[in-house]
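Enquirer: To start, I am sharing the structure in question, which I have written as structure tokens.
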Amino acid sequence: MEMDRRTLLHGAAAVGGLLLASRVPAQAGVRRAPGWIEGKLTGAMAVVETLVEEGCDCVYGIPGAQENELWDAMKTRGLPYLLCTHEFSAAVMADGYARATGKPGVLAVVPGPGVTNSLTGLGEALVDSIPLVAIVGDIAQGEKFRPFQVHCLDQVALLKPVTKGVFHVEEVGQVAAAIRQAFTLAMSGEPGPVAVVIPYTLLTESHDFHTPPAEAPGVPFDAECFRQALMLLKETRFKVGIYAGQGCMNYSDLLVQLAELLQAPVATSVSGKGCFPECHPLSVGWGYGSHATGASERVFGGLNPMGQIELLLAIGVRFSEVSTGYYNMPKIKHVIQVDANPCNIGKVVKVDVGVQADAGAFMSKCLEFCGALKRERDEKLLERIHSAKADDLRRHQKIEALCGADPMAFILALRRNLPCDGMVFVDVTISEHLAAEAFEVTKPRTYFNPTDNQAMGWSIPAAIGAQKVMPGRPTAVIIGDGCFLMSAMEVSTAGRENLPVKFFVLDDQAYHYMQRLQKAAYLRTTATILARLDYSALAQGFGVGYFEIDATSKLDDGIQKVLEYPGPVLCRVITDYRDRKVRWIDAVARRYTREMTPAQTTRFLARIGSRAIQFQRAND
Ligand SMILES: Cc1ncc(C[n+]2csc(CCOP(=O)(O)OP(=O)(O)O)c2C)c(N)n1
Ligand SMILES: [Mg+2]
């Protein structure tokens, strides 16, 4: 039976030595040690004390009758919080916080609509392996239960499919331990979201707490498989290439050392962008294959047989649909896959050796064998990467827009003007694929994209969530006008709090992404035209600054002005996609077409044929 994503993550949690409990046992033990939650506290105070002990810097969400006690306790204790406009944003702000800091993000929502609104954001975190702790105030349960309470949905059942696990607290004495276990589970093995559901009546009850610190989350190290991997890596006759993902995000230095030791070109997944500096002479940028950068295709195989990699070392990376352009990567003779979650290993690509290990532990161990692994500096390889990257840049620099701004020119201009430690949040616009190719990322945790759930509207709350705890870090959003319409109200939060996020809206009055997919398959577009918005009036309404860029030639100047503006800014970038080639779309279309059955192909060709001869094609 095919395992679903949640089952896979459970696998990781169980292997990490932590068993998921549906009922949290009361804790007892030694007193007064650091990290303990001690003393007579209400349930709400115990939640807050535990959050403080776990290093939480901000709670995102919206209060309600079932959680007011908690919000009041946060205020009393001085735990920072951020009120958002919708619980989708609460989950996504916590997600942005987690991606930017590396720590679990925390959201607090009411049951019923609070929970259902948050599900899309939690789902994004689940499939993108982002650690979150969702605190849900439930309706009264147990002796206090009454029929037909407001928000009386089954919160636990709703949360289960979009989390690694749900803890349902049944007694006030379990509260602190439940929050602790949630943090541990969120971070153990492959990270992910965890929910703690607390009936609101427990938040006002008191208890004498003696809750110990939780065990640090860990990942087992498979020493035997490491030995086998080492043997393969020592085979200098195989040209080796590294494919690195989000699992490497904390270990950029180790990855650089390992790549230089092995003289291996490095490609990353989309969510791995930044774990290896893309300005490094061994970097080929994002992905490997015809959907990704031209440099990766030339160096990893496909176009140039001389460049063919024979041994792929995949570290902390899954071969997901988006990053691989619908599983479009070239086949590589030998593969070593290293992952914290053993269930991810060999799932998409057949591997010679799979090593369950934390990426950092694996790379550190490899570096202990530097004498045996060292390869000669490969001038030819470095030259090939250099010239392939120069070719890519020349292609990117070609302006295709006739009116308005060229989207690729915008991406290059934003990169030129945003400092390298600035954070950029890229939404589900077709430009996400242009940015993945051309937005050069040199530092970890500076480039963010909702990769595997592709939740439109994600970038606005994610950027606000990160900016809230990273004052002084320049923060930009790249969002299409369609995605903007999904979460635009959240711009008012940036306005209210004066969080200086710069929202660049690529306005083409259409779902261009869908138009590209539809035109290729149907020779016409359906349901893709958007409203003409008055962005200036919106900015005024949200209480943020406003700028407009209407030509490619005005990009640098316009972006500089936006970045220099002291507060949040809505910037409309009038965008002309024209027929700019998007390698990802073309590769996915080719791959998809190859997989059609003969009957599907016949139907497809007949439809295309009949529509091609229509004088006027009805769009939208
Ligand atoms: C919540 C959600 N609904 C629908 C989709 C499908 N979808 C992906 S991209 C897209 C259109 C994006 O349009 P826009 O934001 O204007 O970006 P553009 O490509 O025009 O730059 C749609 C409808 C999705 N990914 N997520
Ligand atoms: Mg659009």
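The values are calculated or read from the model by the stated rules, or taken from the named source; none is laboratory data. Computed from a prediction, not measured in an experiment: that's the story for all the values here. Here the Cβ positions follow ideal geometry from the backbone for every residue, glycine too, while neighbour counts run over all protein chains shown. These area figures cover heavy atoms from the full protein model, side chains too; ligands, DNA and RNA do not enter into them. Shrake-Rupley method; radii C 1.70, N 1.55, O 1.52, S 1.80 Å.
Enquirer: So, in the stretch 491-529, of the ones that are of a type in the set (D, E, K, R) and more than 17 Å from Thr429 (Cβ to Cβ), which residue ends up nearest to ligand 1 (Cβ to nearest atom)?
Expert: In this case the residue turns out to be Arg524.
Residue-wise test of (1) surrounded by fewer than 24 Cβ atoms within 10 Å (Cβ to Cβ); (2) within 16 Å of ligand 2 (Cβ to nearest atom).
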{"residue": "Glu383", "(1), (2)": "yes, no"}
{"residue": "Asp391", "(1), (2)": "yes, no"}
{"residue": "Pro407", "(1), (2)": "no, yes"}
{"residue": "Ala413", "(1), (2)": "yes, no"}
{"residue": "Asp421", "(1), (2)": "yes, no"}
{"residue": "Asp427", "(1), (2)": "no, yes"}
{"residue": "Glu432", "(1), (2)": "no, yes"}
{"residue": "Asn449", "(1), (2)": "no, no"}
{"residue": "Gln454", "(1), (2)": "yes, yes"}
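Conditions tested, residue by residue: (1) closer than 17 Å to Pro193 by Cβ; (2) touching a helix residue (DSSP H, G or I) at 6+ places or on another chain (Cβ under 8 Å); (3) open to solvent by less than 10 Å² (accessible area, probe 1.4 Å); (4) in a loop (DSSP other than H, G, I, E, B).
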{"residue": "Leu107", "(1), (2), (3), (4)": "yes, yes, yes, no"}
{"residue": "Gly114", "(1), (2), (3), (4)": "yes, yes, yes, no"}
{"residue": "Ser129", "(1), (2), (3), (4)": "yes, yes, no, yes"}
{"residue": "Ala140", "(1), (2), (3), (4)": "no, yes, yes, yes"}
{"residue": "Glu143", "(1), (2), (3), (4)": "no, no, no, no"}
{"residue": "Pro147", "(1), (2), (3), (4)": "no, no, no, yes"}
{"residue": "Leu153", "(1), (2), (3), (4)": "no, yes, no, yes"}
{"residue": "Leu158", "(1), (2), (3), (4)": "yes, yes, no, no"}
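Enquirer: Inspect the stretch 62-84 for any residue being closer than 15 Å to Trp458 by Cα, touching a Gly at 6+ places or on another chain (Cβ under 9 Å) and not β-branched (Val, Ile, Thr) and give the result as yes or no. Write out each step before concluding.
Expert: Quick first cut of the stretch 62-84, residues closer than 15 Å to Trp458 by Cα only: 84.
Still in the running and touching a Gly at 6+ places or on another chain (Cβ under 9 Å): 84.
Then keep just the ones that are not β-branched (Val, Ile, Thr); that gives 84.
Yes.
Enquirer: Now for a separate question. If you check Val501, Val477, Val505, which single one turns out to be open to solvent by less than 50 Å² (accessible area, probe 1.4 Å), in contact with a Phe, Trp or Tyr (Cβ under 9 Å, 6 or more places away or on another chain) and more than 16 Å from ligand 2 (Cβ to nearest atom)?
Expert: Val501
Enquirer: Asp481 passes all but one of (1) acidic (Asp, Glu); (2) within 10 Å of ligand 1 (Cβ to nearest atom); (3) within 15 Å of the chain's Cα centre (by Cα); which number fails?
Expert: Every listed condition holds for Asp481 apart from (3).
Enquirer: If we scan the stretch 457-467, do we find a residue that is on the phi > 0 side of the Ramachandran plot and crowded, with 21+ Cβ neighbours inside 10 Å? Outline the logic, then answer.
Expert: From the stretch 457-467, those on the phi > 0 side of the Ramachandran plot are 457; that's our starting set.
Filter once more, keeping what is crowded, with 21+ Cβ neighbours inside 10 Å: 457.
Checked the stretch 457-467: at least one residue is on the phi > 0 side of the Ramachandran plot and crowded, with 21+ Cβ neighbours inside 10 Å.
Enquirer: Also: Take Val348 and tell me if it is in contact with a Phe, Trp or Tyr (Cβ under 8 Å, 6 or more places away or on another chain), surrounded by fewer than 21 Cβ atoms within 10 Å (Cβ to Cβ) and not in a loop (DSSP other than H, G, I, E, B).
Expert: Spelling it out, it is not the case that Val348 is in contact with a Phe, Trp or Tyr (Cβ under 8 Å, 6 or more places away or on another chain), surrounded by fewer than 21 Cβ atoms within 10 Å (Cβ to Cβ) and not in a loop (DSSP other than H, G, I, E, B).
Enquirer: Oh, and also: For Thr552, indicate whether it is of a type in the set (Ser, Thr, Tyr), under 30 Å from Ser290 (Cβ atoms) and within 11 Å of ligand 1 (Cβ to nearest atom). Spell out the reasoning first.
Expert: Values: of a type in the set (Ser, Thr, Tyr): yes; under 30 Å from Ser290 (Cβ atoms): yes; within 11 Å of ligand 1 (Cβ to nearest atom): no.
When the stated conditions are applied, Thr552 does not pass them.
Enquirer: Is it the case that Val441 is among the hydrophobic types (A, V, I, L, M, F, W, C) and either away from ligand 1 (no atom under 16 Å from the Cβ) or assigned to a loop (DSSP other than H, G, I, E, B) (or both)?
Expert: Considered against the rule, which asks whether it is among the hydrophobic types (A, V, I, L, M, F, W, C) and either away from ligand 1 (no atom under 16 Å from the Cβ) or assigned to a loop (DSSP other than H, G, I, E, B) (or both), Val441 comes out as yes.
Enquirer: Just name the residue that is surrounded by the most Cβ atoms within 10 Å (Cβ to Cβ) out of those in the stretch 327-342 that are within 20 Å of Arg227 (Cα to Cα) and among the hydrophobic types (A, V, I, L, M, F, W, C).
Expert: Val338
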